[in-house]
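The values are calculated or read from the model by the stated rules, or taken from the named source; none is laboratory data. These figures come from a predicted structure and were not determined experimentally. Ideal geometry is used to build each Cβ from the backbone, glycine not excepted, and the neighbour counts take in all protein chains shown. For the accessible areas, the whole protein counts, side chains as well, though only heavy atoms, and no ligand, DNA or RNA atoms are used. Shrake-Rupley method; radii C 1.70, N 1.55, O 1.52, S 1.80 Å.
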Amino acid sequence: TRLVVAQGGLALRGLGHDVKVHEWRGFLVGQGSPAVLATSHLAELWREPAMALAARRDWAKVPRFLAGTWPRAMPPSHVFDGDLHRVGAWVAAAQTAPYVVIDTEYHAPTQRLTLLGIGYPGMDEALQVRWPCGVAYRARLVEALSALRGGTVVFQNAMADLPVLAKAFGWAWASYRGIEDTMLADAVLWPGLPHTLAHLASLYGEHDKAKHLAQTDPLLYNLGDVVDTIASWEALRPQLAADPASEHIYRTQSLPLIPIIMARHALGIRVNGPRVREAQPDLTASMGDAACLARAWAGWPLNVGSDEQCKLMAYQVEGLPVQRAKHTKQPTMDGEAVDRLRGRFVTVDGEHE
């Protein structure tokens with residue numbers, strides 16, 4: 001036996017893999033022999049028929065694995081080391097491709113770029129740049145990379161990457177000749193499914209899973225994002241062509257909204273500052289009272305900000321009905337779950353039943 005298909009979390013645990021099936025569906029789990037392909041149980045389709053696409057894509061990988069065509073080896077990557085001539089040659093080769101993919105890693109609160117990954121279909125190697133790089137050649141590197149904006153650039157969630165690139169390199173929206181977005185394309189084609197790169201990679205990816213490596217191997221994590229975005233766009237392009245109505249929405253509404261939404265994000269939301277400052281002490285006190293009440297009821301220092309601790313207390317200790325996330329079907333204590341549970345004890349006008 002070369003391959004075992006594990007349907008659902010119980011099967012994965014039975015094979016010795018203590019992982020969540022919704023995080024590994026569509027990928028090989030572990031490095032053992034035989035290989036283990038994680039997928040949802042087919043019975044799940046009765047409850048969530050929209051996942052039929054994922055099920056078909058998962059099972060289609062079985063003959064590809066046996067034929068040795070999936071998963072493919074990760075392509076090599078050149079991590080910029082100051083060799084501007086090599087970057088120039090890479091950019092020149094990329095300009096002959098139909099498009100390039102750019103993926104950024106950054107510090108979210110400040111939108112400060114930390115790592116840049118670039119690739120294109122059929123590339124011999126990807127290009128990765130740790131940022132900020134050496135001052136001596138920083139400006140020349142940005143100048144060399146700027147030529148990529150003369151063609152089509154594909155992003156996964158351009159509204160996240162574009163502000164980061166604008167802050168680091170000074171690249172404005174209007175300076176790009178053409179932009180595509182796999183997240184927005186998937187949203188019009190498959191509106192009932194997740195549109196994250198992790199989900200797209202599970203459907204269309206050609207390589208091993210890399211999304212779990214953000215902390216342990218940032219370079220491989222970033223490279224995985226680049227190749228998965230390429231694979232996703234290769235799959236989504238023909239789907240858009242086959243669905244003119246969806247493509248019309250994508251090109252006339254989704255893409256033109258990007259600069260508008262970015263401008264609103266940069267401007268921020270107008271708030272009544274004095275009123276916020278006035279209410280903040282009362283709200284902070286209420287939060288403290290709620291935390292003290294929860295800890296007194298639990299009998300131990302419960303952290304009300306911990307989803308795991310609140311799930312333990314609500315579902316296992318108190319026996320409240322388990323609330324599940326819409327897509328993953330996993331137990332959750334998010335805002336919607338709290339609202340539903342609160343509705344069992346408090347009426348609309350706030351009085352206790």
List pairs: first in the range 156-181 and over 15 Å from Ile261 (Cα atoms) and acidic (Asp, Glu), second assigned to a helix (DSSP H, G or I) and open to solvent by less than 30 Å² (accessible area, probe 1.4 Å), Cβ under 7 Å, 6+ apart or cross-chain?
Glu180/Trp233
Tally of residues being closer than 28 Å to Trp46 by Cβ and more than 26 Å from the chain's Cα centre (by Cα) across the range 323-349
5
Please determine whether any residue of the range 151-164 is among the acidic types (Asp, Glu) and either open to solvent by 50 Å² or more (accessible area, probe 1.4 Å) or within 17 Å of Asn222 (Cα to Cα) (or both).
yes
Looking at Gly319, is it within 30 Å of Ala54 (Cβ to Cβ), of a type outside the set (Phe, Trp, Tyr) and surrounded by fewer than 10 Cβ atoms within 10 Å (Cβ to Cβ)?
no
